[in-house]
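These notes are about the structure you will find just below.
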């Protein structure tokens, strides 16, 4: 009896481990397109990064073109991966712009090169702003009360 219980426990551990590894491999494949971004594109800087109007404009474009697959908040979409994932948020603006422009047709992401370049940069700016929502707030200095 003990050997049967041990066998079931061992099988459960192996299956759980295999399932976790498969999920991890699937997740890394989802963001594999970022590995194919040319260095020249990756090095591009976002000309709208400091533009205060870029995030709200990018949000509107995102809602129109991207939310159906990636979800309204950038996660939990029907088809597309989470845009709040570390792989996206640590990618350079140039890399995200390249992926938005060229898509990933095999994975179901359309090519958005027909959108004017400024609009693609606005979407990129909005995507990067999704990471700001996740960033921890700055630690408070010891001994100082928050100003009200």
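Whether any residue in segment 72-79 is within 21 Å of residue 102 (Cβ to Cβ), surrounded by fewer than 12 Cβ atoms within 10 Å (Cβ to Cβ) and without any contact (Cβ under 8 Å) to a residue 60 or more places away in the chain is what I want to check.
Of all residues in segment 72-79, those within 21 Å of residue 102 (Cβ to Cβ) come to 74, 77, 79.
Subsequent filtering for residues that are surrounded by fewer than 12 Cβ atoms within 10 Å (Cβ to Cβ) retains 79.
Retained after the next criterion (residues that are without any contact (Cβ under 8 Å) to a residue 60 or more places away in the chain): 79.
Looking through segment 72-79, at least one residue is within 21 Å of residue 102 (Cβ to Cβ), surrounded by fewer than 12 Cβ atoms within 10 Å (Cβ to Cβ) and without any contact (Cβ under 8 Å) to a residue 60 or more places away in the chain.
Tell me, please, whether a residue that is surrounded by fewer than 16 Cβ atoms within 10 Å (Cβ to Cβ) and within 21 Å of residue 36 (Cα to Cα) can be found in segment 47-61. I'd like the intermediate steps shown before the answer.
Let us first name the residues in segment 47-61 that are surrounded by fewer than 16 Cβ atoms within 10 Å (Cβ to Cβ), namely 47, 49-53, 56, 60.
From what's left, within 21 Å of residue 36 (Cα to Cα): none.
So far as segment 47-61 goes, no, none of its residues is surrounded by fewer than 16 Cβ atoms within 10 Å (Cβ to Cβ) and within 21 Å of residue 36 (Cα to Cα).
The rows are residues; the columns are (1) assigned to a helix (DSSP H, G or I); (2) at pLDDT below 85.
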{"residue": "22", "(1), (2)": "yes, yes"}
{"residue": "29", "(1), (2)": "yes, yes"}
{"residue": "35", "(1), (2)": "yes, no"}
{"residue": "49", "(1), (2)": "no, no"}
{"residue": "57", "(1), (2)": "yes, no"}
{"residue": "78", "(1), (2)": "no, no"}
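Of the numbered conditions (1) at pLDDT below 95; (2) part of a loop (DSSP other than H, G, I, E, B), residue 14 satisfies every one except a single condition; which is it?
Failed condition: (2).
Quickly run through segment 86-116 and pick out the residues that are loosely packed, with under 13 Cβ neighbours inside 10 Å, within 12 Å of the chain's Cα centre (by Cα) and in a helix (DSSP H, G or I).
86
Conditions first: (1) touching a helix residue (DSSP H, G or I) at 6+ places or on another chain (Cβ under 9 Å); (2) surrounded by fewer than 16 Cβ atoms within 10 Å (Cβ to Cβ). Residue 119 passes all but one, so which condition is the exception?
It is condition (2) that residue 119 fails.
The values are calculated or read from the model by the stated rules, or taken from the named source; none is laboratory data. Keep in mind it's a predicted model, so treat the numbers as computed, not measured. Here Cβ is always computed from backbone atoms with ideal geometry, including for glycine, and neighbour counts include all displayed protein chains.
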